[in-house]
Every structure is written in C-alpha cells, then in structure tokens.
Amino acid sequence: MKSRGFIITSLASVVAAGGLGVGGYYWSVAHVQRWTGMDHLGFVNCNHCHLVRVEKLPWAKERPRHPAPAGLAVSPDGRRLYIALDDVNEVAEADTATLQVNRRIKLAGGPYGLLAHPQDGRLFVTLRHADAVVELEPGRLTEVARIPVGKGPVCLAYTRTEAGERLIVANSLSDDASLLSLSPLAEIARPHTGREPFATAMSADGSVAFVVGRIAETKDFVTPAASELTLIRAATGRVLKRVPLESAHLAEGLATVASRGWALTPLVKVRNLIPITQVANGWVMSSGLGITLADGQTVQVPLDEANDYFADPSGIAVDPAGRYAYVVSGGSDAVSVVDLERLSDWLSKACELTRREAVDDLSLSAEYVVARLRTGRNPRAVTLSPDGRRLFVGERLADRVLVVDTATREPVGHVVLGDGGAWDPIRRGESVFTKAAHTFQSQFSCRSCHPDGHVDGLAYDFDGDGIGDNLLDNRSLHGLASTAPFKWIGSNPSVEVQCGPRFARVLMRTDPIPPDDLKDLATYLQSLPPTGWERRRDLALTPTQERGRQLFFATTRPDGTPIPRERQCQTCHRPPLFTARIPTAVGTRGPRDATELFDTPHLLGIGYSAPYLHDGRAKTLEELWTTYQTNDLHGVSSYWSKHQLNDLIEYLKTL
Amino acid sequence: MEARRLLLIGRWLPLTAAFAILSGCGRARLPAEALVFTQTPVTSPSNPGADTVLDERYPPGSRVVLLPSPQDPERLRVLSKGLLAAGSPVISADGTRVLFAGKASARDDWQIYEARLPGGRPRRLTAISGGAMDPAVLGNGAVVFSSPVPPAGATWTTTNPAALYRLNPDRSLLRLTWGPAAAVEPTVLNDGRILFVSAKPRGADGEISLGLFTINNDGTEVAAYALDRDGALWVHRPRELQDGRVGFLAATPTGFVAEGVQTARPFAGRRALFPFSAESCRSVEPGGAGRVLATLLPSLGTTNRSFAVFELAASATAPGEPLFDDPAWHDLEAMRPGTRPRPLGHLSTMSAKKDYGTLLCLNVNFSRHRQADGSPARTATRVRVTALDDQGAQRVLGELPVHPDGSFMAELPADRPLGFESLDADGELIYRLPPTIWVRAGENRSCVGCHEPPNRSPRNVRPKAVYEPVARLRLANPDLASTVP
C-alpha cells in the first residue's frame, strides 16, 4: 500500500514537474517575445536580460597587480635607471652598476611615461589614469609639481627652444598632445594629433616635436588606413604637418636620429584590405620601420625576414652616434639591431620605385638588420645610457629590465622588479595574448589587432565564408565578460570557442592554442574592463548627457506615439551591459553579407571603439543614425533633432 | 604484516616492470654524442642492375645503424636488421623513432620502415605499389614520403613522376603534391611546412632546373622556396639548420658539394655551406649547438677513401678530424638522435564538399620585368587558364578578364596541374606559366602578381576582382575540352 502511494506520488510529481517545465518554457518564450517585440525569438536564458550585476563581473573585481615595467629613463650621469610601474602605481630607481633597485616610491594614477631632464635630472612622469604630469625631485623622488594634461598621457619628450624649455606629452585617450613649458610647469597648447598618440620625440635642433598615433584612421574599405605622424612646432604648439603612415598601425615608438635628420617609427604594416587567404609572406601584416626623412618624405622598410617575423615592434632607441637603432618586438621577445649607416647606404641607392615597395620586400631587412637579441617576455620599452654603452629593455610580462652591453650585444644582467607572476592566470593569459609564437612564423599576436585588448579600428575580410564576403569590423575585447555569444553573427558561445581551433584554422594558420593556455587567455580577456571605466564610473551625468539618457530609454515619441519595443534602444542594448546578447536585424545588411542578423554589441566604452557596425562602415556614432539608419530599424531616430542626436551620443560616451 | 605487503609488491613487480618497459619508461637514454646514420659497403661492386634510384644509392648490404658512442664502434647497432638494404634515416621530433627507406629482398619494392630507439626491430609502415622513399616526420607524427621510387637515373624524366604522400597516424593516406614534375626528398621545416625538391617548368632551352618548394601539411599553398634558375642543376637532401640556413647538396662534376641559402632571403643566392672545399658531401644535418653534421669524403691526400662523419662549426676552415669513420663502409646521412624542436602543425582549410579551389591574383601586371616607374612593359587584359587532364594532355579551361587593377579570381579544378598565360589586348602572350601549380579542394589561394619578385608581401589594396562574381572553370567544360593552346 505504501509503495503504491509512493508510485502515485512520484508519477504525479513527474507530471507536475513536466507540466511546469513545458508551461514555463512557453511562458518564457512568450515573455521574451512580449518584452522584445521580436516574434522570431525562441527560448532565451533569463540572464540575457536579468541577473547580471556589474560588480560580480571579473573585470569589476580586484585583480593581482604586477610590477611590470612601462616607461624607462636614465639619469644624465648614467648612474640611475628609473622605471615606471603603472600597474602597482610606483616608480622604481635602480643602480645601473649593481642592477639593484635602490627604492620604489608610490605614485598613484598609473605612472607610465618617464623622462629625466638632460641637465639637472628632474624626473617627469605621465600618470596614465590620472591625466596629469608630475615633476619629481631627483634626489628623493618627491613630487614638486603636477599639471593636468589630456586624457591617458603615456609618453613625453623634452626640448629647449628659443622660447624656453618644453615638454610634449602624448595623450592617448583624447587624441591630442599637451605642450608644456617648464618654467613654470604650465600647459601652453593642446593640438589635435592622430588617433591614440602613443610616442613622442624631438628633432635634432629642438624646434619640432613629433607625435605618432598608434591607431590608424580609416576612410572606407577601399582606401588604406593610415597612422598619423604629427609634426608640431615645439615653441608654440602649432601643427606644422600631418604625415600619414600608410597602412601602418600599432606605432608605439618614436626616435629621431640627429645626425641624419630622420624620425624613426616602428610600425605594423597591416594589409586588411586584402582577403585573408593566407598568412605566409606577411599577407595579413608584417613589421616595419617608418623613416621620415629630413625633406618630409616617408619611406617604410621591413623589420621582418622572409621566413621569420618580429611581431609587435614597440619601443625604439637610437645610440648617440646615430649608428644603431634598437627596436623591441613585444610579440617575438627580441630586439632588432638596425645599422643606420647600412640603411642610409641602401636609401641612397634606392630609386623611387624601390623605396615605395621596400616594406613589401621581405628579403630586404638582411641589408641593415645586423643582429636579433633575445629578451624575456614582452619587451615594450627601451632606452640607452647617455654614453650609449648600455641598453635597457623593459620585459613587461617578466617584471624585469634586461641590460645589454651594446659593444658585445651580450646581456649583462637584469634589474629584477617582480617574480613574473606566473602564478596568476590573468598574467599567464596576457602572456598568451601577446605571444606571436601562436601564429605561423610568429607573424602577429592577438595584441597586433587588439592593442591592450582594444580595437585597431580596422575591418578585415576573412576568407572562410567566401572571398570578399562578410567584412568584419574588429571589436574591442574590453568589457567582454558575460557578453557571449561572440563573433559578429553570434555563433561562438564562449571565448574558448572564439579563440580556439577555429581561429587557428582561419587566422593563425598553425596549431591551436593549447587548452591550458586558452583557458588562461579567456581569464585574461574577461578581466579587461571597458575602456575608461574607472574614470567614468562615479561621474554624474551632465544635463546634455541626461537628455541623451532619456532619449535612450524613451518608450514613446514626444507626441505620445509608442515606440515599438523591438526598436527601443534599451530592448537590445539592455543595461547594465547594454546588450541583451541576442542577434538582431537592424537594417544594416550589406550586399555581400550572408545574414541580416548581427550580434548586439555591448555599449560599455563605446565612445572609444570607432568605427561601428559589423563591417565598420560607420566611422562615428553620429553616422549610425545620419548615414546608415534604414527606416528607423536601428532605433526610432526619425524624430530626433540634431541636438537630440548630440545629446544621445554624449550619453553613449558615458557608458 | 610487513612480509605480506612485500609479497604483494613482489607479485606486482614483474608486471609493473613489463608495463614500464612496454610503455617506454624503461627506455635507455642515449648519450648526447650518439649518431644514427646510413652505411653502404665500400667494397660492394657497382650495381649495374640497379632498377631504381634507391638501388643505386643504397646497394645491397646498406644499412641504417645507431652508434651510441663514436669512440666505441663495437656498440654499433643495426636498426634495419633483416633488410636487404636501407637508407635515408630520419628521426621523429620526440626522438623515439627512426624512419627509413628499406628493401626486404631483391624482389620487393622499397618501402618506409620504422625502428624504435635505441634498437627495436624494423617495422614496415607502407605497402605502396611502386615503392616509397625519402621519409620525413610531421609534428603530429604523420609520415611524409615520396612515391613511386623513380627508375635509376630517371627521377626527372620518368612518365610516372614521384609525388609526396602523407601517412597519418590512423594509417590513412593523403596525396599532397599534384605537379607534373617529381616531388622528392621532403623535409619538415620548424614552421610546419614541407620543403621538397622538384623541377621548375622547363625553359626555352628545355633544360631541367631544380628548385626547392614548400607546401603545407595538406598540400595547400604550394610555393617556390629557393633556387630560382640560378644554375643549380641537381639539388639533393635539403635540411633546415640551426644557424638560419637551409643546407642542401648541389651537383658538381665530381660529386655533391654542400651549399645553403639564408632563410632570411632564400632567393638572394646560394652559397657554399663551408668555407673550405670538400671533394664530395653526401649529407648535412643540424648538429649540436649550431654546428652542422656533414658526411664528407676525406681529401685526396688520405689513404682512406670512404665517406666519414664530421661535425663542423659554421666558421670551420677545414673539416678536421672525422667524428666517426669506418673504412669498410661509407658513413652517410648522419644525425643525432634525441628530441628536436617539434615542427608546428597546420589545421587544414580543405573542404571535402568541394572539387575546386579558388585562386585570387592581386595584380597580374605586377612582375619582376617592369619599367623604371613600375608600370608593366605590356598590360595584360585577359588570362588564359590551362590544366593537364588525366592523360597528361594540356587543356584550356577558359579565359578570364583582368580587372583594371590587374586582379582576377576564379574557381579552378582541384588536384591537377594548372597553368596561366597572361594576354594583352591583341591576344598576344605576355607571360606563361605551364601547368605546374595546383589548388586543393576548398583551398583559397592567392598570388601577388605574375613572375613577381620573390618574398613579396602584397600591397594593401582592395582587389577589384572580389567585387565581381567568381568565374568557374572546370576541366569538363564541353566547349573547351578539345581546345589546346
């Protein structure tokens, strides 16, 4: 009797549970369709719209910090090496003879770029996250002055002009440069530069400041993108010339050669307009050196070889005699030694055509690259002692500075700052991210297209789904945690799928990233916060931004007409991540696209990730609604005035 | 209690030991100075009845051996035990296997064998009609070899030229090369590509010219690697060395000499591998610490006239004393056992659903033969595509219009030799590539130009051809099947 009751109860429970399940399923489908207004949607997990809390996301949590070397500077007497440690908010001072760290001082705000005054040794430091430059007294490293500059200052250079001493500061997030006088420390001008200025240098006579942008600027998918080398009068801050470095991006270093009147820029020569049918022969990208000659002409020459590549060239230093340039390759853990005399000889013999095509000739570098020095993980910054006898290379992911004897080209030791952080999965993942050895012949790394996890502003033509079809804008990896699926058509459910064997087949053209490394890579990517998140999170909205916010969340037009749910901004771009993670058709399908449904990107940091739409056709946020809006499918914008559009964009930039 | 535990351990010990031995745990570690090489008898009579190139190269009695210590010749072990002849050893990246070409008896074909180190019995891997030779090992353990074994003296003239095949770990076989000329002597580069020797299309003088070519591990992306009609008549046994060079043997009137090209600029001319002149060289292999293992014939002044093993620094001015020399044997093809860098892999982009590949040429008018301003001497407006049919006859697949920027794109039949002829507006031939290259099923293949300078990256220009529908050319096109160029 007891067992019969048990069976009946069990059966009833199963039927009830089944009924609840089926009923719940149909209810949830109806719920989703009702609230999105999209009839085609089936079952969607609750967490597409609910249960997401920003403070629970990996990038919002505290992560381990590492003493990774950023900028380097040597005192005028060559006895002290200064090292900016942006991740731990410190500046270190090391003895160049003993290679021991003398002291480390706290300096909040992400100290990144360093400069030692060539006469009195005063130290100037850019605070990348605090948007300021501080002056430190060289004896005790105490702060004596501070001045606000543009957003995200990363590099600075010094000169003495007829009007006084000057500093030029590259402000990476506000796309401008701050020109500072030293007596007193004051900002004189802030000229606009190329996108994401990242390096500065001064001409031999001190009259011209050079600033290079690391992100290329695009016009359309026919015209090659170009990074900008901006020439600025050092005394006044007036822009003298804007030199486009054609098809160049990731330009993160700059040096001048006084004896030759050259400005040298390590760069990545990107070939995004060509379908990615292969990787061999630098088909996707290769590394080069931009030489801006005294007459303003620019020649690009390769740093790579026919069968070996030196990815992600970054810092550059030129010895005082102007004989050798040292270029570090962060992806390949190497320093390329360029014999500038041999390079000059080659230039003097090369005709116009040869110069124009030089960067595409992979057999050319053997003419002037005379050595490749091996380094620890991810060298990014490099500097020389004033006498040129010691080379200091910041091995960013090894927490060390490598010291090399330039006469023998042999390492003499390391300044050890930390343990390399191999215990930290985020650090290990960053190492995978920056390592070119995962691609065929080490041609590029993840970072080559995603500098610091962000965008390169370019669209690419992958051949796996047809040559010339389905162009893809490069999306930022900042703030991607909990925004799956990935890929513009939303077909990859996880980072591991996105970056696994599929990527090895279509892009890396070699072995897939090993599973443990892939797991670390995913951990690292999910730890990346949205661009500028820290600096925006606690700011109150301005009246303009508030008006934009109301427009974003509007459910009716001003006349009271309801806006259909599927066309309200908040339906697809639902807070807090501003994505419902559901592929949506917003009238942006191009003639060569295979689908009209595209993944809904999150909007956190959207102001920094131009261009927009799946194929990058919209160069600005404005163009989304002024040029590429179709029948109010991408939000109902037909009733907006120009001012309202501006309001909305100002709001979007706060996300 | 203790005794019982010991008894239990004792009972399991033989089984554990057996398992350890079987699984390789008990494998003796070979010393760093150990050598694996081929020995051919010095006194063997000439082999007039040699049927194939391997019969010629490795007369009966030839063997593959392991020498744990060059100072102790008595410890020499024959790895090809039981075979009539053997040669062409190669060692897997994990250092556990030696693969070589072997012949069981005079009646048998040459096949690929493997022996476990330090001294297992040979095990046959292939049983392919026409025989197999020149093994190489990919990073995943798959074996690449050449087949059939050409008749003696007819490697480049036989009507049934050798092609490269891949024997996968699951025993499936994949043909890799589809050119009209033989593809022999493969070696696997560290970047995962297969480097091999093949013949370039014959020039106007009809002379055969050999070159080095590469393919991916699935036969895609066939490309010239080095030796561009620079007089290398015979090229033999290329190997990637540790000092940034690819070494190989080039023919001279008296024998083979070691030469090399820089991987940084492989087309910029070949040079002697060693600064001294050696009378004859039979192999170069990477040695220890950037050195080169070479098998050389000692100079004429010595009484010993057998090939010996030398280990040479790049700066060596003389061969010096041999590392090992047995006067009764020619000691050839020497290499160090032990682990070596595992060549990278390559995930195939081939598609079994397709019988064609797609070729995109960025600018057919980009050529090494140009005017001073870079413009072509004559501008191509059309491209004629040719192919070899199954009987080896040349057919025209069709003609394609060239876009104003010089680009064209077409779907072409997979796995057969394809040729291209650029034509000017009057239909006059500008450049001709006889059917030589191929595309694999589903492969997307690109080229920068036509007879373009080597090692060129493309200009970052959007090719106009990608905006137009792709032309489809098939061998079975009835309108064109009977047309010959």
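Let me know the volume per residue of the alpha-carbon convex hull for chain A, in Å³.
On the way: hull volume 120.4 nm³, N = 655.
Per-residue hull volume (Cα only) is 184 Å³.
Excluding residue B:53 itself, what net charge comes from residues whose Cβ is under 11 Å from its Cβ, given Lys and Arg +1 and Asp and Glu -1?
On the way: positive: B:57; negative: B:51, B:55, B:56, B:134, B:185.
Residues close to residue B:53 contribute a combined charge of -4.
Would you tell me the mean number of C-beta atoms belonging to other protein chains that fall within 10 Å of each C-beta in A:275-287, as a whole number?
Mean number of neighbouring Cβ atoms from other chains: 5.
In percent, what relative contact order does chain B have, based on Cα pairs under 8 Å that are 6 or more apart in sequence? Working shown, then result.
Numbers: 1228 pairs, mean separation 52.1, N = 485.
Computed over chain B, the figure is 11 percent.
Mind listing which chymotrypsin sites (Phe, Trp or Tyr not before Pro) in the stretch B:163-243 are in a DSSP loop and have 10 or fewer other Cβ atoms within 10 Å?
Details: sites: B:165, B:178, B:196, B:213, B:225, B:234; in loops: B:178, B:234.
When the chymotrypsin sites (Phe, Trp or Tyr not before Pro) of the stretch B:163-243 are filtered for loop state and at most 10 Cβ neighbours within 10 Å, nothing remains.
Of all accessible surface on the stretch A:554-624 at a 1.4 Å probe, what whole percent is carbon and sulfur? Each step should come with its number before you reach the end.
Working: 1480 of 2810 Å².
Taking all protein chains in place, the stretch A:554-624 shows 53 percent carbon and sulfur surface.
Assuming R0 = 22 Å, can you tell me the calculated FRET efficiency for the pair residue A:60 and residue A:542, based on Cβ-Cβ distance, to the nearest 0.05?
Details: r = 24 Å, r/R0 = 1.10.
Computed FRET efficiency for residue A:60 and residue A:542: 0.35.
Ignoring ligands, DNA and RNA, what accessible area per residue does chain B give at 1.4 Å, in Å²? Don't skip to the answer; put the middle values down first.
On the way: 21230 Å² over 485 residues.
Here the per-residue accessible area is 44 Å².
Note the full-extension length gain between residue B:429 and residue B:373 as 0.36 nm times their separation in residues minus their Cα-Cα distance, in nm to one decimal.
Length difference between fully extended and current span is 17.9 nm.
Run lengths n ≥ 4 of DSSP H only: what is the helix-derived mean residue ellipticity at 222 nm for chain B, with -39500 (n - 2.57) per run over all residues, to the nearest 500? Walk me through the intermediate numbers first.
Details: 2 runs with 26 residues, N = 485.
My calculation for chain B gives -1500 deg cm²/dmol from helical runs alone.
Threshold 50 Å², probe 1.4 Å: give the residues of the stretch B:242-274, in number order, that are less accessible with all protein chains present than with their chain alone.
B:264, B:265
Angle, helix B:2-22 long axis vs. longest principal axis of chain B, Cα atoms, 0 to 90°, nearest 10?
Compared with the principal axis, the helix lies near 40 degrees.
Please give the average number of partner chain Cβ atoms lying within 10 Å of the Cβ of each residue in B:442-449, rounded to a whole number. Numbers along the way, then the final one.
Values: counts 1, 3, 8, 3, 10, 3, 4, 0.
The per-residue average across the peptide is 4.
With labels modelled as points extended 7 Å from the Cα through the Cβ direction, what inter-label distance (nm, one decimal) is found for residue B:391 paired with residue B:277?
5.2
How large is the translational diffusion coefficient of the stretch A:72-425 in µm² per second when you combine the Kirkwood radius over alpha carbon pairs with Stokes-Einstein at 20 °C and 1.002 mPa s?
Numbers: Rh = 20.2 Å.
Value of D from the Cα-based Kirkwood radius: 106 µm²/s.
For a quick check: with amide H placed at 1.01 Å from N, whose amide H comes under 5 Å from residue A:450's, ignoring anything fewer than 5 positions away on the same chain?
none
Using the Kirkwood formula on the Cα atoms of chain B, what hydrodynamic radius do you get, in angstrom to one decimal?
Values: mean 1/r = 0.0408 Å⁻¹.
Answer for chain B: a Kirkwood hydrodynamic radius of 24.5 Å.
Measure out, as a whole number of angstrom, how far apart the alpha-carbon centroids of the stretch A:447-474 and the stretch B:158-204 sit.
Spelled out, the Cα-based centre of one part sits 34 Å from the other.
Would you work out the charge dipole size for the protein assembly as shown about its Cα centre, treating the Cβ of every Lys and Arg as +1 and the Cβ of every Asp and Glu as -1, and quote it to the nearest 20 debye? Numbers along the way, then the final one.
Numbers: 125 positive and 123 negative charges, 548 e Å.
The calculated dipole for the protein assembly as shown is roughly 2640 debye.
Lys and Arg at +1, Asp and Glu at -1: add these up for the other residues within a Cβ distance under 10 Å of residue B:351 and post the number. Can you show the working numbers first?
Values: positive: B:353, B:354, B:440; negative: B:355, B:443.
Net local charge, residue B:351 excluded: +1.
Using the Kirkwood formula over every pair of different C-alpha atoms, what hydrodynamic radius in Å results for the stretch B:356-472? Please report the intermediate quantities before stating the final value.
Numbers: mean 1/r = 0.0694 Å⁻¹.
After inverting the mean inverse Cα-Cα distance, the result is 14.4 Å.
Ranked highest first by average number of other Cβ atoms within 10 Å, how do A:502-510, A:101-109, B:374-382 line up?
On the way: A:502-510: 20.4, A:101-109: 14.4, B:374-382: 16.6.
In decreasing order of mean packing, A:502-510, A:101-109, B:374-382 become A:502-510, B:374-382, A:101-109.
How well do other chains shield peptide A:505-511, expressed as the mean number of their Cβ atoms within 10 Å of each residue Cβ?
Working: counts 4, 2, 0, 3, 10, 8, 9.
Per-residue shielding by partner chains comes out at 5.
If each DSSP helix of 4+ residues adds -39,500 (n - 2.57) and the sum is divided by the residues in chain A, what number results at 222 nm, nearest 500 deg cm²/dmol? Could you put the intermediate results ahead of the total?
Values: 12 runs with 116 residues, N = 655.
Using -39500 (n - 2.57) per qualifying helix, the result is -5000 deg cm²/dmol.
Can you give me the % of accessible surface on the stretch B:35-335 that is carbon or sulfur? Probe 1.4 Å, all protein chains present, nothing else counted.
Numbers: 5670 of 11290 Å².
Carbon and sulfur: 50 percent of the exposed surface of the stretch B:35-335.
Net charge near residue A:646, counting Lys/Arg +1 and Asp/Glu -1 over other residues with Cβ under 10 Å of its Cβ?
On the way: positive: A:547, A:642; negative: A:622, A:647, A:650.
Net local charge, residue A:646 excluded: -1.
Rounded to a whole number of µm²/s, how large is the Stokes-Einstein D of the protein assembly as shown at 25 °C and 0.890 mPa s, given Rh as the Kirkwood radius over C-alpha pairs? Spell out each step's value before the answer.
Numbers: Rh = 33.0 Å.
Stokes-Einstein gives a translational diffusion coefficient of 74 µm²/s.
Express the relative contact order of chain A as a whole percentage, based on alpha carbon pairs under 8 Å and six or more residues apart in sequence.
Over chain A, the number comes to 9 percent.
Hey, any idea what Rg/Rh is for the stretch B:68-226, computing Rh the Kirkwood way over Cα pairs? Mind showing how you got there, number by number?
On the way: Rg = 16.4 Å, Rh = 16.5 Å.
My calculation puts Rg/Rh at 1.00.
Take the Cα radius of gyration of the stretch A:441-526 and divide it by 2.2 N^0.38 Å, with N its residue count; two decimals is plenty. Could the numbers behind the result be given before it?
On the way: Rg = 12.6 Å, N = 86, 2.2 N^0.38 = 12.0 Å.
Rg over 2.2 N^0.38 Å, computed on Cα atoms: 1.05.
Kindly point out which whole DSSP H helices in chain A project their C-alpha atoms 30 angstrom or further along the helix axis while averaging a Kyte-Doolittle hydropathy of 0.0 or above. Mind dumping the intermediate values first?
On the way: long enough: A:2-36 (50 Å, 0.47).
In chain A, the long hydrophobic H runs are A:2-36.
Can you tell me the relative contact order of the stretch A:441-526? Whole percent, Cα pairs under 8 Å, sequence separation 6 or more. Numbers along the way, then the final one.
Details: 87 pairs, mean separation 18.1, N = 86.
Answer for the stretch A:441-526 is 21 percent.
The values are calculated or read from the model by the stated rules, or taken from the named source; none is laboratory data. Please read all numbers here as calculations on a predicted model, not as lab measurements. Here the Cβ is made from the backbone with ideal geometry for all residues, glycine too, and neighbour counts use every protein chain on show. We work out accessible area using only protein heavy atoms, side chains counted, and drop any ligands, DNA or RNA first. Shrake-Rupley method; radii C 1.70, N 1.55, O 1.52, S 1.80 Å.
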